[in-house]
Each structure stands twice: as C-alpha cells, then as structure tokens.
Amino acid sequence: MWNPWRENLKDTPKESLNWRLWYGVFVFGLMGAARGIDEGLIGTTAELEPFVKKFGLKDDSKSKHEQAELLSNITSMVQMGSILGALVAFFLTDKIGRLWATRMLCVLWVTGISIFLASARTGSIGMVYAGRFIAGIGIGQTTVVAPTYLAETAPRAIRGLCVCAFAGAVYVGIMLAYFASWGSSIHISSKTDAQWLVPNSMHLMFAGIIFTLSFFSRESPRWLIKVGRHEEALETLTRLRQLPSDHPYVQSEIIDINDQLNREREATMGTSWLGPIRELFSSKANLYRIQLSVMSQLLSQWSGANSITIYAPQYFAMMGTTGQNEKLFATAIFGLVKFISSILCALVLIDLIGRKRALSAGITIQLLSMLYMAIFLLIDNKISDKSVAQTSSQKHAAMGAIVMIYFSGFGWALGWNSIQYLINSEIYPLRLRALGGSIAMTFHFVNQYGNSKIIPLMFIGMTTGGTMMFFSCVTAVGLVWVYFFLPETSGKSLEAMDEMFNLPWHLIGRKGAQLTRGSGGMAEVMDTEGEKAVEVRMETVETVGTQRPEAKV
C-alpha cells in the first residue's frame with residue numbers, strides 16, 4: 001500500500017502514532033472551525049432577508065457607500081476583537097497553559113455569540129457589534145493556542161499534517177456554515193429571525209464541544225518543562241508517544257527541549273518580564289523570524305482569498321449568478337471545494353512535497369485564477385446588470401470566471417491557508433513561541449480586519465475589476481517573496497532550527513534547509529591532547545537509536 005509519509009516516518013516509532021496523539025490533533029485542530037464558521041456565516045447571513053431588514057443592510061434611505069460601511073462594520077467586528085485576542089493569547093498560553101487558555105477562549109466565544117443572537121429580540125446594531133467583538137476575542141486566541149499546542153505535541157515527521165488539521169478545520173467550519181445558511185434559506189421562512197439565528201447557533205455547538213473535550217486532553221510537555229514540572233512532562237510525553245520513559249525517542253525529545261530551554265534561560269538570565277520581547281527584537285535570527293511572520297500574514301491576507309471567503313455570495317453575483325438561493329448554493333459548493341482541497345493538502349501534500357513547494361504551487365494557481373477574474377471583470381463590467389444582454393462568448397467567459405473562484409479556493413488551501421499557521425508555529429524557539437505566534441496572529445487579524453472592512457468600499461471606488469487586479473499583483477509579489485525568503489522547515493525538529501536562522505540572511509530562504517540538513521546544534525570539544533578546540537555537530541535525533549546521554553527530568 002502506498003504511504004506518502006513512509007520516508008518521513010522511517011525514524012519514528014510506530015507506537016507514537018497512537019489514539020492519544022490523534023485525539024489531541026482532533027480537539028485542538030477543531031478550534032480552526034471557530035474562524036471558519038464566522039467567516040462562512042457572516043457573509044451569507046448578510047444575504048438572508050430577515051437579517052437584512054432588521055439591521056437595514058439594504059435600506060433605500062442609505063447611500064451605497066453607507067450600506068457598504070454598515071456591512072463592513074458588521075463583518076469586520078470579529079476581526080477587531082481577534083486582534084485583542086491574539087495579543088492576550090501570548091500571556092495566557094504561557095501563564096496558565098495551553099489547556100486552560102482553550103477553556104477560557106471558549107467561554108468568551110460563547111458569551112459574545114449569545115449577545116449577538118440576543119440582538120434579534122432588540123434589533124440593536126450595538127449588540128451586534130459588541131457580541132461579535134467579544135466573540136472575536138475568543139476566536140482570535142484559537143489561532144495562537146491551537147497551532148502552538150499541535151506543533152509542540154506532534155512528532156516532527158508529521159508535524160505539518162497535525163498543524164494543518166487546524167487549517168483544515170477552518171474549512172470544515174466554512175463548509176458547514178455555507179450549507180447551514182443555504183439550508184435555512186430553503187427550509188426556514190424568511191418572515192422569522194430563525195432563518196439566521198439557527199445557522200449562527202453553530203458557534204455555540206462547536207465552542208461547547210471543544211470546551212468539554214479539552215478536559216480529556218493532555219497538557220503540552222514542552223510547556224510543562226518550561227514551568228518546571230519535569231516529572232509531569234516526562235509522564236505526559238510517555239503517554240503521548242506510548243513509549244517507556246527510557247526509550248531513546250522519548251529521551252531525545254526531553255533532551256532537545258531541556259537543552260534549548262537551558263540555552264534560552266542562560267541568554268536571558270536576570271532580565272525582566274520584558275526580556276522575551278527584548279530578545280525577540282535584539283538578534284538578527286529573531287528579526288528574520290519576525291519578517292517571516294509579518295510578510296506571510298501581509299501577503300496572504302491581501303491576496304484576495306479571504307475576501308472571497310467572507311463575501312462569497314457577492315463574488316458569485318459579480319460573475320453573473322442571480323437569486324438568493326442560487327448564490328448561497330454556489331457559495332456552499334465553494335465551501336465544499338475548499339474543504340476537500342484543504343484535506344488533500346493536509347493529508348498528502350504539505351509533508352510530502354514540503355512547505356515551500358506546496359506554497360509556491362498554491363500561490364501560482366491562485367495567481368492565475370485571480371488574474372483571469374480581474375481581466376474578465378475589467379472587460380465585461382456589465383455582467384451583473386441583467387438589463388444588458390450577454391453574448392454566447394460572454395456567458396462562457398462568465399462561467400469560466402465562476403470556475404476560477406473554485407480554483408482560487410484550491411490554490412489558497414494548498415498555499416497560504418496552511419503555511420500561515422504552520423510556519424509561525426515552527427520557526428520560534430520554545431521561550432518565544434507563544435510571543436512570536438501571538439505577534440504573527442495579531443498582525444493576521446489586523447490585516448484581516450482591514451481586508452474585510454475595506455473590500456465593500458474597494459468594489460465601489462476601484463471597481464470590481466480593479467480590486468481583483470490589485471489582489472493579483474499582491475499574489476505575484478508573494479510568489480517572489482517565497483522563493484527568496486521562505487526556508488524549508490519540513491522534517492526538522494523544533495529545537496533544530498536555530499542553526500538555520502543563524503545563517504546569513506540571504507541564504508536562509510534559498511539554501512537554509514540544505515546547509516543545515518540533519519544538524520541541530522554546535523558543541524565545543526577538546527582533542528585528546530587538549531591543544532585546540534574544534535566544533536562538532538551534534539545530531540538532533542534523526543534516528544531512533546542515536547546514542548544520547550540520559551535526560552535529567
């Protein structure tokens with residue numbers, strides 16, 4: 001039987017791929033649905049008649065600019081809350097651990113959505129804003145807590161697969177949200193608020209499931225070691241790997257974690273609580289890591305894919321799809337395509353072909369799709385006007401543009417969607433992982449907020465074709481950036497990346513993986529006569545049987 005991970009797993013004990021590992025992947029991966037559900041529901045909810053009427057989204061007394069402003073405020077409020085959520089996630093995940101941070105974010109998530117749903121009774125737009133902002137604080141934390149936990153507990157051979165479970169769950173949420181809105185538009189009367197309340201109750205269901213399942217999960221061994229709970233960390237790791245505590249694979253993981261943490265503590269000894277922040281911005285290696293975090297978020301968020309996800313019904317209307325049910329059905333199929341694509345990429349492509357190749361291929365597909373849509377809308381800018389007759393060639397071109405929406409979804413799933421979480425969970429050392437991830441996801445939501453806020457206004461000011469051409473240019477810049485600056489991290493242990501980021505900056509992206517393949521650290525040893533010191537590379541447990549000193553726990 002063909003196994004795409006056979007080469008990567010050749011040095012990984014089969015016992016470590018057990019139900020405890022997959023349970024943790026399921027619980028923390030499921031948190032990705034938080035973002036997906038919101039992105040999928042809010043754009044489609046804004047198409048449902050009861051919601052439109054209650055909050056005046058298509059009030060004739062308002063100008064098109066005012067209507068666009070109102071829509072953008074409603075959709076972007078979760079992103080605004082998520083900025084705060086991503087910021088506080090750094091403190092919470094390091095202070096109370098990954099598990100309790102998960103439970104607290106679920107409480108915030110439920111509280112906010114409850115306020116949002118209660119606005120149906122009062123018709124208060126203020127309650128809509130407040131509820132979605134509070135929910136955003138919880139949702140924003142998921143993007144830091146979940147990828148951090150998954151990266152820290154997964155065997156490095158399948159770390160990409162495990163972290164991508166989070167990215168895949170985003171599309172589980174999007175797909176279910178799209179189909180829920182489409183189903184409610186068909187089966188629930190448009191004269192009752194239940195048409196939008198029922199699909200939005202999915203938030204409460206998922207938050208409750210994650211909160212409950214977290215009590216049966218194990219804390220991250222890396223966090224336990226970081227806070228000094230060494231015996232508990234060893235016991236947790238043996239359970240996660242289903243291996244005895246003296247097994248070389250377990251011992252090597254413990255040694256790697258302790259070695260890195262000890263180096264970090266020595267480097268920051270005597271510093272205040274500002275030490276990690278100062279450390280993050282004081283070395284060239286860490287500045288390069290920040291550059292990767294910032295640019296990956298900037299280029300991915302402004303490539304246009306997220307705007308299509310949030311405003312999918314409007315995009316299908318731009319390409320000539322008419323009728324509420326038809327737009328919602330096309331949107332639901334779009335969600336299904338993105339879900340299948342994300343599963344395919346997570347299960348096969350990310351770890352099989354590597355992060356960099358997967359991202360380059362995904363961006364190329366997305367670029368070609370966006371460019372087609374941009375050219376189409378610039379040439380045929382009357383497609384959405386049903387009073388203008390379309391020729392046969394124009395109709396075929398419009399059908400091609402609709403197909404390109406689906407292709408752009410596949411390219412996004414293969415490329416930016418997975419990498420923007422995976423890279424930021426891998427590149428930072430343990431001491432800075434939560435802080436680095438928090439900064440990355442804060443920047444993520446700042447850009448997503450700006451994106452969701454300005455898109456309806458860009459359609460008016462820049463025209464739809466001009467907006468899509470802007471996205472195409474950003475996507476092209478992203479492809480160039482990936483080639484020159486993004487290093488390949490597939491197959492490397494989290495503790496083995498320091499050497500790669502200590503290379504000259506112009507070599508990290510293009511040759512970092514080759515120059516540091518299989519190396520983990522440097523140690524100075526004396527020769528037999530004690531006359532000179534030489535540098536010797538220490539293997540970072542690339543094989544199960546590597547001889548290592550016994551770990552102190």
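Brief remarks follow.
- Whole-Å distance, taken between Cα centres, linking the range 15-71 and the range 89-122: 16 Å
- Peptides ranked, highest mean first, by Cβ atoms within 10 Å: ranges 458-467, 359-368: 359-368, 458-467
- Computed in the context of the full set of protein chains, the accessible area of the range 1-98 at 1.4 Å probe radius has 60% of its extent on carbon or sulfur.
- Residue-level accessible surface for L344, protein heavy atoms, 1.4 Å, Å²: 80 Å²
- Per residue, the range 86-174 exposes an accessible area of 26 Å² to a 1.4 Å probe, with every protein chain left in place.
- Rolled with a 1.4 Å probe across the full set of protein chains, the surface gives V172 an accessible area near 40 Å².
- Global form of the range 426-511, assessed from the alpha-carbon gyration tensor, a/c cut-off 1.5: oblate
- Residue ranking by accessible heavy-atom surface, 1.4 Å probe, largest first, among H396, H187, H230, H65 comes out as H187, H396, H65, H230.
- With 19 Å as the limit on Cα-Cα distance, the pairs of K64/K453; K284/K511; K58/K327; K53/K191; K64/K338; K54/K191 that go past it are K64/K338.
- When its C-alpha radius of gyration is set against 2.2 N^0.38 Å (N residues), the range 406-463 gives a value of 1.46.
- Gyration tensor over the Cα atoms of the range 1-148: the corresponding equivalent ellipsoid has semi-axes (square roots of 5 times the eigenvalues, largest first) of 39, 18, 12 Å.
The values are calculated or read from the model by the stated rules, or taken from the named source; none is laboratory data. The shown structure was predicted, so the numbers you read here are calculated from the model rather than taken from an experiment. Counting neighbours? That spans all protein chains shown, and the Cβs are built from the backbone with ideal geometry, glycine included. The area values use the complete protein model at the heavy-atom level, side chains included, leaving out ligands, DNA and RNA. Shrake-Rupley method; radii C 1.70, N 1.55, O 1.52, S 1.80 Å.
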